[in-house]
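*Asks:* Got a structure for you, questions after.
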Amino acid sequence: MTRTRRTISESRFRRACERDPHDAFFRLAYEWAPSFDADRIFELAAPYLSEFGTNVAAATALVTYPSPRGDEALAQLPADVHPRVRQIVKEYFARRVSGDERARAAGRETTRPTASAAAQPISPDVGSSSAAVDTTDSSADDSDIAAAIRAHWAAHQIDRARAIEIWHALGIEPPAATGAPNDAFEVGFPPRSATPENPLDLIAWLADRSQRCAAIDVEASTSPPDYAFFLDELERASAGRFEARAVSQTARPRTVRVQFECGCVHRFTARLDDDWYDVRATLAAVNRALASVACPERFVELPTDDQVARLLFVEPRRYRGVARALFPAARPR
């Protein structure tokens, strides 16, 4: 059932931003209907695009309420912006291109939302892990992951605060965290309820905030997919512990042969399925490379119900305990 959005004025939104900009921009994207136009949303969001902890929320608001100036700002974001921001922007522009092509094929001209349409977001699920998109042969199982985890949390009385407490056992708190751990993590996550409607949203937010997680769209938009980009995203999430150099790939009729250097030369064969990454083959090769240089961490794939793979860089012994507590019902993709 679609929830009715509550109208919010600019003055009230500005006050909400002063209290907690991260929370304000996420609620603008998911809960509120602004009485002000998309250009004004851009002016309010622009200063936060370069700030850790708020740039994901600001970008989510900008792609939910698009404007010409907002599009220009998103297209010019620096290369070192948060990986989740890059993913949000990439998916947004891919949808725009696809929509333009469909419109041209139908003989229509594309139009941008007018100011009066600002309260009607183009997609309430932008940037959310609740948009179910099948990515594997076991798509029916994937669609039930959130429900299974939600049932597990209810059975074991795991609310938002308890989930965050369990997550701390991973030992990957965000670099900017100060004060009490729960305060550092809880700032601004939507929604503010004790138990999120989709627990995977909370897990994804905690993972992204840790800066030890690579969020990668499994559908790359190019065929064969660019594995150098994939490895570069993993490198960004590894705090300098994983470095893939001299990356090369050779496409064959049904496979892609990938080679990279990390201590020594590593090679792996990935399935070629149009523009889809072979996540498992890539992680297996990268984790072998990490073992070869005596790195204690590995990349693990967090449960998800959409086509964004979240690959967490963590010590396996720590992860196993947290996984058993938070999502034992999930199955790896």
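*Asks:* If the chain between A284 and L77 were fully stretched, how many nm would it gain, using 0.36 nm times the residue separation less the Cα-Cα distance?
*Replies:* 71.4 nm
*Asks:* Using the Karplus curve 6.51 cos²θ - 1.76 cosθ + 1.60 with θ = phi - 60°, work out ³J(HN,Hα) for each residue of the range 150-161 in order, rounded to whole Hz, and write x for Gly and Pro.
*Replies:* So the Karplus estimates, Gly and Pro as x, are 4, 5, 5, 5, 5, 5, 10, 6, 9, 9, 4, 5 Hz.
*Asks:* Please go through the range 17-94 and write out the GluC sites (Glu not before Pro) that DSSP classes as loop and that have at most 16 other C-beta atoms within 10 Å.
*Replies:* Here the sparse-neighbourhood loop sites are E31, E51.
*Asks:* Which FRET efficiency, nearest 0.05, do R254 and I166 yield, Cβ-Cβ r, R0 45 Å?
*Replies:* Once rounded, the FRET efficiency stands at 0.60.
*Asks:* Please work out the FRET efficiency for the pair V247 and R96, using the Cβ-Cβ distance as r and a Förster radius of 25 Å; give the result to the nearest 0.05.
*Replies:* Calculated transfer efficiency: 0.30.
*Asks:* Express in nm, to one decimal, how much length is gained between S35 and D232 on full extension, taking 0.36 nm for each residue of separation and deducting their alpha carbon distance.
*Replies:* Using 0.36 nm per residue and subtracting the Cα-Cα distance, I get 66.8 nm.
*Asks:* Once you put a point 7 Å from the Cα of D275 and another 7 Å from the Cα of E10, both along the Cβ direction, what distance in nm separates them?
*Replies:* Placing both labels 7 Å beyond Cα along the Cβ direction yields 3.8 nm.
Since every read-out is calculated from the coordinates, none of them should be taken as a lab result. Given the structure is predicted, the values throughout are model-derived calculations rather than measurements. Here the Cβ is made from the backbone with ideal geometry for all residues, glycine too, and neighbour counts use every protein chain on show.
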